[in-house]
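Undergrad: Dropping the structure in here first, questions after.
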Amino acid sequence: MPTPDAQGDMQITPMPELANYIATALTNPLPEEVVEKAKHHLLDTLSSMVSGSRMLAGERAIAFVKAQGQSEPQAALAGTSLRTTAINAAMANGMFAHADETDDSHAPSLTHPGCGVVPAVLACAELWHRGGTDMLRAMVLGYDVCARLTMSLDAYAFREAGHSSHTFGPNFGAAAAAGALAGVEARQARYLMSYAAQQASGVACWMRDKDHVEKSFDFGGMGARNGVTAAIMVHSGCTGVDDVFSGQRCFYDAYGDQPDRGALGRELGVRYEILNTAIKRWTVGSPIQAPLDALDHLIRTHRFGADDVLAVEVRIPHQMVLTVNDRDMPEICLQHVLATLIVDGTMGFASAHDRPRMNDPTVLAVRERIALVGDDGLSRLMPSRQGIVEVTLKDGRRLREHTLAVRGTPANPMTRKELKEKSMELIAPILGKAQGERLVEQVWTLERIEDARELARLLSPAS
């Protein structure tokens, strides 16, 4: 028999506010700063999708889609000339978006919202011929739901228990965004969330994936696929439980350890989580961003190279060490990335993803001088992902830099110019410079397009 307190908790539900927010999202104007931020994240995620189509995870996702046989050409696969069902397109584009480490991240919720939400938005906007304004509003909704879901579960404790916060959040965020584009009413939005909950899964062992293929599915592909599936089912007339977040055997009973049961419905339309989401300046894992900022600053300020370095000590929060310590993939191996920056003096997409370079004797020699340490003080500051780099030079100088706000985070945002430079590096080799320029401009003026297929056409290489 539940205790009186437990019975009270069972009655707390975000569903009325959440269902209404989903049902009215496309009719509610957004503040200008939110629209601008959404465009930044849309361009960043589309660029990640295009570049990711050529990565190993992207190749495997394409193979999966082709293995399904001929299908209804409802939506595009970025970076290719292929079209497939909205569900398969969302899954493949989600895997493309997180095929490497270029996509955005929301530190408080331990999610990468863009790689799950944006592919769902693109697929459903194509399926139901939605315009640019609808896409932006659905996308902002998706970020709101994605972040609030795992924060309601205490994201960091949730991950320590073995669950993948990176899968759960986008699963619900993609469903909300896709449902809004499907035109669900408030009652249908309740069913939508129930179908999302029934598909919710994810195990944090993704950290052991050496090829970034399963990880791309966990972070992006699965949530995008599940969200679009939920939306199409409800749009097709499927009914279900009208409040999966309260009552006996609800979602929070299954997954919550003292969850904040009202968080999903709190401050919707007031606090926009896309404003709290970071864009990566560097195309590497999130825990490496702060150390890279710090080391890059030291190199540019003091003009030293590999031959000058005696030792490097890097300090990051304890919670982040396991993710990036001596990994087998270049883009999430902190020691390799920092050693490459010291050797080259710069760091771009190609060098961050050059796997053979991990065996470069010059890079390996510098890597041996880099020590990674978990720091108690930085851990207490989480979810702020700060980093400290201390460099000892052979001439006796000791240099130190503490990155308080990584470039691209809400406290230190990138400009349109910086984001365009990052995007063009990712998309120009695949789409061509001229088409890449048109894609960037299309995003900046997205409200002008009446059908998402206008945007989708620019994601395919020119014939």
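Computed from the coordinates by the stated procedures, all read-outs in this text should not be read as laboratory data. Just so it is clear, the structure is predicted and the values come from calculations on it, not from any experiment. Neighbour counts are summed over all protein chains in view; Cβ atoms, including those assigned to glycine, are modelled from backbone coordinates with ideal geometry.
Undergrad: Given H placed on each backbone N at 1.01 Å, which residues far from Leu310 in sequence or on other chains put an amide H within less than 5 Å of it?
TA: HN-HN under 5 Å from Leu310: Thr392, Leu393, Lys394.
Undergrad: Cα centroid distance between region 237-278 and region 315-336, in Å?
TA: Each part reduced to its Cα centre gives a spacing of 32 Å.
Undergrad: A further question follows. Where does helix 56-67 land angle-wise versus the long Cα axis of the chain, in degrees 0 to 90, nearest 10?
TA: Helix 56-67 sits at roughly 30 degrees to that axis.
Undergrad: Right, next: Once every DSSP H run of n ≥ 4 in the chain is given -39500 (n - 2.57) and the sum is divided by its residues, what mean residue ellipticity at 222 nm do you get, rounded to the nearest 500 deg cm²/dmol?
TA: Calculated from helices alone, the mean residue ellipticity at 222 nm is -16000 deg cm²/dmol.
Undergrad: Another question, if that's okay. May I have the count of lysine pairs in region 14-279 with C-alpha atoms under 30 Å apart, counting pairs 8 or more residues apart or located on different chains?
TA: Close lysine pairs found across region 14-279: 4.
Undergrad: Follow-up question, since we're still on this one. Would you calculate the separation in nanometres between label points at Lys210 and Ala434, each defined as 7 Å from the Cα along the Cα-to-beta-carbon direction?
TA: 4.5 nm
Undergrad: For a test of the definition: using alpha carbon positions, the gyration tensor, and the 1.5 limit on a/c, classify region 286-403 as rounded, prolate or oblate.
TA: Since a/c reaches 1.5 but b/c is at least a/b, the shape of region 286-403 is classed as oblate.
Undergrad: Continuing with the same structure: In the chain, once you exclude exposed trypsin sites (Lys or Arg not before Pro) (DSSP loop, at most 11 other Cβ within 10 angstrom), what's the longest stretch remaining?
TA: The longest such stretch corresponds to 1-209.
Undergrad: For a Förster distance of 22 Å, can you work out the FRET efficiency between the beta-carbons of Glu59 and Thr346, rounded to the nearest 0.05?
TA: My answer for the efficiency is 0.20.
Undergrad: Quick one: grab the alpha carbon gyration tensor of region 14-279, order the square roots of its eigenvalues as a ≥ b ≥ c, and give me rounded if a/c is under 1.5, else prolate or oblate depending on whether a/b is larger than b/c.
TA: Because its axes are fairly even, with a/c under 1.5, region 14-279 counts as rounded.
Undergrad: Can you compute 3J(HN,Hα) from phi for each residue in region 408-418, using the Karplus curve 6.51 cos²θ - 1.76 cosθ + 1.60 with θ = phi - 60°, rounded to whole Hz and x for Gly and Pro?
TA: Karplus values, whole Hz, x for Gly and Pro: x, 7, x, 7, 8, x, 7, 8, 4, 4, 5.
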